[in-house]
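Engineer: Got a structure for you, written out below as structure tokens; questions coming shortly.
The values are calculated or read from the model by the stated rules, or taken from the named source; none is laboratory data. Everything quoted here is computed from the prediction, not taken from an experiment. Note that each Cβ is placed from the backbone with ideal geometry, even for glycine, and that neighbours are counted across all protein chains shown. Please note that ligands, DNA and RNA were not included when accessible areas were found on the heavy atoms of the full protein model with its side chains. Shrake-Rupley method; radii C 1.70, N 1.55, O 1.52, S 1.80 Å.
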Amino acid sequence: MYRKTYIEINLDRLEDNIESIINNHKEYKYYIGVVKGNGYGHGSYIVNSLIKKGINYLAVSSLEEALKIRKYNKEIPVLCLEPIDLDFIDIAVENNITLTISSLSYLNKLVEIKKDKNIKIHLKLNTGMNRLGIKTKEEVTKAASIIKNNYFLEGVFSHFITIGISDKVWDEQLNKFKYLLSDINLNEIPIIHMGRSLTLVNHPKIDICNGIRLGIIMYGLNQSPKKDNSFKGKLRQIKANMRIKKYHISKTTLDTNIKLKTCFSLYTEVMELQKVSKGEHVGYGLSYEAKEDMIVAIAPIGYADGFIRKNASRKVFINGKFYNLVGSVNMGMIQIKVDENVKIGDKIELIGDNISVRYVANYLSTTPYEVMCMLEDNIPKVYTYRNEVKYIEK
Ligand SMILES: Cc1ncc(COP(=O)(O)O)c(C=O)c1O
């Protein structure tokens, strides 16, 4: 690590999150940790912490991601949620990666090139998202039969497009899932999974499912709407209750005892300080003119690291105090308006306990998911455990 710009992942917090999630929800048998997007930006090194605390299956987006996990764990079953290019199926099979079948045409091509009863398959059903999955009961039944004849049909799954607090789509999707599976003997299929983080928090166990896929919640964020006791909040709740009654929406809750903490921080350091006189400019162009004499700290991070230009003017935290970026975000540097308390080498928190993922997401008009995934791999990840650095991924 030559430059002191790094992501810090707190493994104690990550483990505490998983422990709290599973202790409060023992109703499922399979807790599938979603580590796509490079573990939501936390890197693959986290997988053994997840497994230690009860995650017993993992899910990724691509064969590349699955193989990264195999660097750290050879045994844990890994489901690739997206179809893998048929040219590379052997690599997936050699590495014990579970395949997703999401269309009959892909399945038919797979049968032509490879049949093996040891290949684990999860069949993906399209219940409303129209992203991946088979959409009609006839095709689902046919696909299940082909898979059973040639492979091991280990799972069936789908994905909710809403959290289902007060909309009828959640129930419609679940009903569609059950309908699509109604000609299949589910007792022969070991893992049935449909829910994601907020399904666990906001809904009772789904009767036909014994698995749940956990993403954002593992990383410390509960995206459920909070109970709002203001006049407006109560009015919103009355309207929601009317919708719930009208559409016969199934039981949900906002109450949870799960304790979560984010485990993702981003730091850099003061590389240089500039004294700027009133009337001088800061950064490219003439858009920032000093209104008074000021001190500007320079730090080594920029849009080439995924620290996008939209961060311009936002807050950072140095030595117990908030300061703001000035000028524009450059390719590899940022500028911060500081005071005489800030010295070269001081640590700058860009995301962490004082600059939350949620603050940054709001500032950038995006989601916490994107904030944690958007940084480039050229930023090293420092994993801490019991207050010590356990591993650095460069
Ligand atoms: C298929 C699938 N399952 C589960 C998840 C996890 O969702 P969440 O992070 O909301 O738990 C995702 C996330 O994008 C997903 O695409």
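Engineer: Scan segment 202-223 for residues that are out of contact with any strand residue (DSSP E or B) (no Cβ under 9 Å at 6 or more places or on another chain), touching a residue at least 40 places away in the same chain (Cβ under 8 Å) and surrounded by fewer than 23 Cβ atoms within 10 Å (Cβ to Cβ) and jot them down.
Structural biologist: Matches in segment 202-223: ASN202, PRO204, GLN223.
Engineer: In segment 336-354, which residues are within 30 Å of the chain's Cα centre (by Cα) and open to solvent by 30 Å² or more (accessible area, probe 1.4 Å)?
Structural biologist: Once the filter is applied, which keeps residues that are within 30 Å of the chain's Cα centre (by Cα) and open to solvent by 30 Å² or more (accessible area, probe 1.4 Å), segment 336-354 yields LYS347, ASP353, ASN354.
Engineer: Within segment 224-245, can you find the residues that are under 23 Å from ASN24 (Cα atoms) and either over 28 Å from the mean Cα position of the chain (by Cα) or surrounded by fewer than 17 Cβ atoms within 10 Å (Cβ to Cβ) (or both)?
Structural biologist: Result: PRO225, LYS226, LYS227.
Engineer: Output the number of residues of segment 355-392 satisfying the condition of being more than 19 Å from the chain's Cα centre (by Cα) and either in a strand (DSSP E or B) or more than 27 Å from GLY320 (Cβ to Cβ) (or both).
Structural biologist: Counting residues in segment 355-392 that are more than 19 Å from the chain's Cα centre (by Cα) and either in a strand (DSSP E or B) or more than 27 Å from GLY320 (Cβ to Cβ) (or both) gives 8.
Here's the yes/no breakdown for (1) loosely packed, with under 14 Cβ neighbours inside 10 Å; (2) of a type in the set (D, E, K, R); (3) outside any loop (DSSP other than H, G, I, E, B):
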residue: LYS117; (1), (2), (3): yes, yes, no
residue: HIS122; (1), (2), (3): no, no, yes
residue: THR127; (1), (2), (3): no, no, no
residue: LEU132; (1), (2), (3): no, no, no
residue: GLU139; (1), (2), (3): no, yes, yes
residue: LYS142; (1), (2), (3): no, yes, yes
residue: ILE147; (1), (2), (3): no, no, yes
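Engineer: Still on this structure, please answer the following. Among the residues of segment 157-191, which ones are outside any helix (DSSP H, G or I), open to solvent by less than 10 Å² (accessible area, probe 1.4 Å), within 14 Å of the ligand (Cβ to nearest atom) and at pLDDT 95 or above?
Structural biologist: Within segment 157-191, PHE157, SER158, PHE160, ILE191 qualify.
Engineer: Across segment 187-201, what is the number of residues that are farther than 27 Å from VAL35 by Cβ and either in contact (Cβ under 8 Å) with a residue 24 or more places away in the chain or of a type in the set (Gly, Ala, Ser) (or both)?
Structural biologist: Count: 1.
Engineer: State yes or no: is LEU325 out of contact with any Phe, Trp or Tyr (no Cβ under 7 Å at 6 or more places or on another chain) and not in a loop (DSSP other than H, G, I, E, B)?
Structural biologist: yes
Engineer: Got a sec? Which strands (runs of 3 or more DSSP E) wholly within segment 1-93 have at least 2 residues that are within 16 Å of the ligand (Cβ to nearest atom), crowded, with 18+ Cβ neighbours inside 10 Å and under 15 Å from the mean Cα position of the chain (by Cα)?
Structural biologist: Passing ranges, in order: 30-34, 57-60.
Engineer: What are the residues in segment 200-242 that are within 16 Å of the ligand (Cβ to nearest atom), farther than 24 Å from LYS52 by Cβ and in a helix (DSSP H, G or I), if any?
Structural biologist: ASN202, the sole residue that qualifies.
Engineer: Output the residue which, of all residues in segment 355-394 that are within 21 Å of MET271 (Cβ to Cβ) and not β-branched (Val, Ile, Thr), is most open to solvent (accessible area, probe 1.4 Å).
Structural biologist: The qualifying residue most open to solvent (accessible area, probe 1.4 Å) is LYS394.
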